[in-house]
Structure formats: C-alpha cells, structure tokens
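The block underneath contains the structure these notes are about, expressed in structure tokens.
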Amino acid sequence: MEAAQMIDAKGMACPMPIVKTKKAMDKLDSGDVLELRATDQGAKADVAAWSKSTGHELLEQKEEGGVLTFWIKKK
Amino acid sequence: MEEKKKTNIILFSGDYDKAMAAFIIANGAAAYDHDVTIFATFWGLNAFRKEGGVHTDKGRMEKMFEKMMPRGAEKMGLSKMNYAGFGQKMIKNVMKKHQAMPLRDLIAMAQEQEINLVACTMTMDLLGLKEEELLDDIQLGGVAAYLAEAEDGQVNLFI
C-alpha cells in the first residue's frame, strides 16, 4: 500500500508507538496514509482503539515475523 | 472546532512505578488529543523536583524533609520490592532491555506534548519544597484548579 510516511516503532514500548503515530499524523494532510511498524504486541489493541477514538481509519494491518504493520488514513 | 476531551491525573504517590504509570497514561492521553493535566501533591511532588540540590532559603525542618525525600524522578523508589533502591536499579536495567522509557524521559515527553504539570502549593509548603526546586514550566495550583479541570474531564485518575 502507498503510504505518505512510514513510522518505525519497532522495539519501542508503550506508549511510544502511539505517541509517534500521533506526532506524525499531525503533520500529514487529510486522506494521507501513514504506515506504522511496531513489535509491541499491545499495539494491536492500541492502534485500533486510537484510530477509532481519533476518527482516523485503520485501513489494513498485518503481522509478519513478529512485526506488526498498520496503515492508517488520516481523517 | 469541537471541544477537546480532558484527562486529569492526581499524582499523590512518590513511587517510581506508580509515577511511571501516571506518565504513560498521560502521554497516551495526549496522543489521543486530550488536554492532559497532572496534579502532583504530597509525595508525588518529588517527581517534579530537579535533580541535584538547589540552594534555597528555608528552615531546619524543611531542610530535613528536602534531604530525606528523593531529589527528582530517577531517585524515587519502587512501591514493591525496592530493597533500599536495589530493586529500582534492577528494574531500570530490565526497562532498558525492553526499551521502556525511564520516568525522567516520560516527564520530558509529557512536557514536549504540552501536558500541564501542576504542583499543589499547600503540600509544597508542608514538605518545604520551593518553586525553584521544581522543574521548569511547572504551574502552581490548589484544589480549585484541579476541580475546574476535573468537572469536565472524561478521564480522572488518582494515583
């Protein structure tokens, strides 16, 4: 998937993946897609909940070799 | 623009682990676009202290308190298994391994995310803490300042 920006939060612990995502998202334009990579297993629930609450759309996610990748579209 | 949601945390505890929990929630809430305020009172004020000594003019009792209490976040002990500070050092090593942020960094990140840090002046007086002993950009306030935020807060925690 084409992403406007990629955030690498691999190895980072809570709350960093979400904090980094939020910071990056603030700089993007509406409709842009952000790609987030993380290894914190809590990110699965965190990213879903965060997207829902902030109104951004979690388009897709996958898990490969312990790395979680999320694509989130800015509202 | 719609009104931002609010998260308010009272940090009463001076334990390293509990303060970590408070600052992780606060930083998370800021990422949720909430207006976040941490009110520190009693032992929680130690998290707002500058590291190292700050020369201030105060009485004997206040000086004693100043020496007995942890100077700054990284000097705070664990609520369980502290073993005179040894447990705290151990857990910090484990945190490093898991790339969890130490409390000092969580506080810096909170300030970077424009989280309001408010120190309770009544307990500052009780513990003999002066404003110049606290980190920069700490606001001072009392119960009314907390309640003003809390009454329209969506998340209110006492830690």
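With R₀ fixed at 41 Å, the C-beta to C-beta distance from B:Lys130 to B:Gln99 puts the FRET efficiency at about 0.70. Rounded to the nearest 20 debye, the dipole magnitude of region B:4-115 is 380 debye, with +1 charges on Lys and Arg beta carbons, -1 on Asp and Glu beta carbons, and the Cα centre as origin.
Rounded if a/c is under 1.5, else prolate if a/b beats b/c, else oblate: with a ≥ b ≥ c from the C-alpha gyration tensor eigenvalues square-rooted, which is region A:5-58? It is oblate, given that a/c is not under 1.5 and a/b is not larger than b/c. Evaluated at q = 0.14, 0.16, 0.17 Å⁻¹, the base-10 log of the normalised Debye intensity for the protein assembly as shown, with identical point scatterers placed on the Cα atoms, takes the values -0.92, -1.11, -1.20.
Here, chain B yields an orientationally averaged convex hull projection of 9.7 nm² when only Cα atoms define the hull. Comparing mean-square fluctuations of B:Phe39, B:Phe86, B:Phe48 from a GNM of chain B with C-alpha springs under 10 Å, the top value falls on B:Phe86.
Determine the relative contact order of region B:6-158: mean sequence separation of Cα pairs under 8 Å and six or more apart, normalised by residue count, in whole percent.
Relative contact order for region B:6-158 comes out at 37 percent.
Each Cα pair under 8 Å and six or more residues apart adds its sequence gap; the mean of these over the residue count of chain A is a relative contact order of 35 percent. Under a 5 Å amide H cut-off, with hydrogens placed 1.01 Å from N, B:Gly77 pairs with B:Tyr16 among residues at least 5 apart or on other chains. Dividing the helix sum by the residues of the protein assembly as shown, where each DSSP H run of 4 or more adds -39500 (n - 2.57), gives a mean residue ellipticity at 222 nm of -11000 deg cm²/dmol.
Whole-Hz Karplus values for region B:44-53 come out as x, 4, 4, 5, 8, 7, 6, 6, x, x Hz, taken residue by residue from phi with 6.51 cos²θ - 1.76 cosθ + 1.60 and θ = phi - 60°; glycine and proline positions read x. Between A:Glu64 and B:Glu112, the modelled labels are 2.9 nm apart [label points 7 Å from Cα along Cα→Cβ].
Counting only protein heavy atoms and rolling a 1.4 Å probe, how much accessible area do B and A lose on contact, total for both sides, in Å² to 100? Present the calculation step by step, with values, prior to reporting the outcome.
Values: alone 9360 and 4330 Å², together 12520 Å².
About 1200 Å² of accessible surface is lost on pairing.
The angle between the Cα long axis of helix A:16-27 and the main principal axis of chain A comes to about 20°, on a 0 to 90 degree scale. Burial of accessible area (probe 1.4 Å, heavy atoms of protein chains only) in region A:16-33, relative to its chain alone, reaches at least 50 Å² for A:Met16, A:Val19, A:Lys22, A:Lys23.
The values are calculated or read from the model by the stated rules, or taken from the named source; none is laboratory data. This is a predicted model, so every value here is computed, not measured. Every residue, glycine among them, receives a Cβ derived from its backbone with ideal geometry; neighbour counts consider all protein chains shown. SASA here: full protein model, heavy atoms, side chains in, ligands and nucleic acids out. Shrake-Rupley method; radii C 1.70, N 1.55, O 1.52, S 1.80 Å.
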